[in-house]
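The values are calculated or read from the model by the stated rules, or taken from the named source; none is laboratory data. Predicted model only: the values in this text are computed from it and were never measured. FYI the Cβ positions are ideal-geometry reconstructions off the backbone, even for glycines, and counts take in every protein chain you see.
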Amino acid sequence: MNLHEYQAKALLARAGVPVPRGSVVLAAGDIERAVSEVGGPVWVVKAQIHAGGRGKGGGVKVTRSPQDAAKAAHQILGMNLVTRQTGPKGKDVHRVYIEQGADIARELYFSVLLDRATSRVTLMGSTEGGMDIEEVAAHSPEKLVRVSIDPITGMQPFHARKLAFALGLKGSELKTGVPLMMAAYKAYMECDASLIEINPLAVTKDGNVIALDAKITIDDSALYRQSAINAMRDETEENAAELRAQRASINYVKLDGDIGCLVNGAGLAMATMDLIKHHGGEPANFLDIGGGAPKERVVEAFNIILADPNVKGILVNIFAGINRCDIIAEGVVAATKEVQMKVPLVVRLEGTNVEEGRRILADSKLSIIAADGLADAAEKIVSATRGVA
């Protein structure tokens, strides 16, 4: 789960990370109040969306008077903001963050994340703050510094000092920079985060180090024990179909293709998408209904897939272990009748109660294309969807 910048900064501040004073605005009538609360002489007005590149898209304005700050906030609130991460449709801005400006001497990059290569929480920093870290990694990898944290000891001051020295911090900068890094690690662990990114990490002209921008991603699997953070969820920033799937305990990710996939098991779902592409098709989604899926969840999975107007056909691929083929077949039949299926449907069943499942499909007298094996299923759905408008 992603958080807005102002939410991320609130969590960081609670852990002891220095952040500029700011106030969030949800309605135009609160803009003047927020401007007054923040105070000058510089106000930075920022659109709050779950996407990077806001400044280049016109979603960040630096102003030097209360009147200009209020004017910028009115302009940004409600605008459709298009960035490199939103795609051409952009995102509507429902929240604006008004923040006190900082007297910046230089900008750095800092993050706390899980490095899958080492299986350890890792501090990462760069002197190239304010830039896309992907660009730095691609073109100047030597400017990325990593410090791995041993899970037995946790983060120690020497870890922070090692990174601080690599970033060129010295004197009074070290006195604020090292505690900031320690506090960010504390926030990472306490919040069950998978990423804390501060970009830029600003060194001010008076020698302080502060979080000028912040991004936090929370591990979805830990949200059950992070009720306060879960309450921060902004559902308007999430894909409606993915949110609907989550509520039904379905793992779903929308893709750009036209062949819907309904599969049990993440690995099998990936293999299914690979074979669809191998036969010249494009998957419209990743969908894993999970183990022991009841008939109602199968029906909901069909409804979610068919809500995508790009879908021209559906491939159901079930290898039943925990699941039972007869239960899946009943769900397929119920869904086909309920949604009045108008696109080709290919079903491949294997595993527990497979013969009963196949009998249920055959007895339904519905237009269901049976497949013998995964390769056959992928070939049949690709062939069936060609020429479908």
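Per-residue answers, yes or no, for (1) closer than 19 Å to residue 368 by Cα; (2) at pLDDT 85 or above; (3) of a type in the set (A, V, I, L, M, F, W, C):
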position: 277; (1), (2), (3): no, yes, no
position: 280; (1), (2), (3): no, yes, no
position: 289; (1), (2), (3): no, yes, yes
position: 293; (1), (2), (3): no, no, yes
position: 297; (1), (2), (3): no, yes, no
position: 315; (1), (2), (3): yes, yes, yes
position: 335; (1), (2), (3): yes, no, yes
position: 340; (1), (2), (3): yes, no, no
position: 347; (1), (2), (3): yes, yes, yes
Counted residues in region 170-181 being aliphatic (A, V, I, L, M) and in contact (Cβ under 8 Å) with a residue 60 or more places away in the chain come to 2
For this session: Please verify whether region 132-141 includes one or more residues that are on the phi > 0 side of the Ramachandran plot and surrounded by fewer than 14 Cβ atoms within 10 Å (Cβ to Cβ).
Result: no
Those residues of region 334-380 which are in a helix (DSSP H, G or I) and out of contact with any helix residue (DSSP H, G or I) (no Cβ under 7 Å at 6 or more places or on another chain) amount to 336, 337, 355, 358, 359, 362, 363, 376, 377, 379, 380
Of the residues in region 265-287, those that are at positive phi and in contact (Cβ under 8 Å) with a residue 60 or more places away in the chain come to 280
Filtering strands (runs of 3 or more DSSP E) wholly in region 208-263 for at least 2 residues that are within 15 Å of the chain's Cα centre (by Cα) and outside the structural domain of residue 54 (by TED's automatic domain parsing) gives 215-218, 251-254
Counting only residues in region 303-333 that are of a type outside the set (A, V, I, L, M) and assigned to a strand (DSSP E or B), the one farthest from the chain's Cα centre (by Cα) is identified as 319
* Is there a residue being of a type in the set (A, V, I, L, M), surrounded by fewer than 18 Cβ atoms within 10 Å (Cβ to Cβ) and part of a strand (DSSP E or B) anywhere in region 88-103? -> no
Looking across region 336-358 at residues that are in contact (Cβ under 8 Å) with a residue 12 or more places away in the chain and of a type in the set (Lys, Arg), the single one that is nearest to residue 309 (Cα to Cα) is 337
For region 311-327, pairs from a residue that is farther than 19 Å from residue 261 by Cβ to a residue that is of a type in the set (S, T, N, Q) and surrounded by fewer than 24 Cβ atoms within 10 Å (Cβ to Cβ), with Cβ under 6 Å and 6 or more apart or across chains, are 324/352; 324/353; 326/353
Per the list (1) touching a Cys at 6+ places or on another chain (Cβ under 9 Å); (2) at pLDDT 90 or above, residue check on residue 351 breaks on (2)
Being part of a helix (DSSP H, G or I), crowded, with 16+ Cβ neighbours inside 10 Å, of a type in the set (A, V, I, L, M) and in contact with a strand residue (DSSP E or B) (Cβ under 6 Å, 6 or more places away or on another chain) narrows 174, 180, 201 down to just 180
Here the qualifying pairs (Cβ atoms under 8 Å; residues six or more apart or on different chains; first in region 97-116 and under 18 Å from residue 214 (Cβ atoms); second among the aromatic types (Phe, Trp, Tyr) and not in a strand (DSSP E or B)) come out as 97/6; 112/185; 112/188
Note to self: Quick check on residue 330: is it of a type in the set (D, E, K, R) and at pLDDT below 90?
What the structure shows: yes
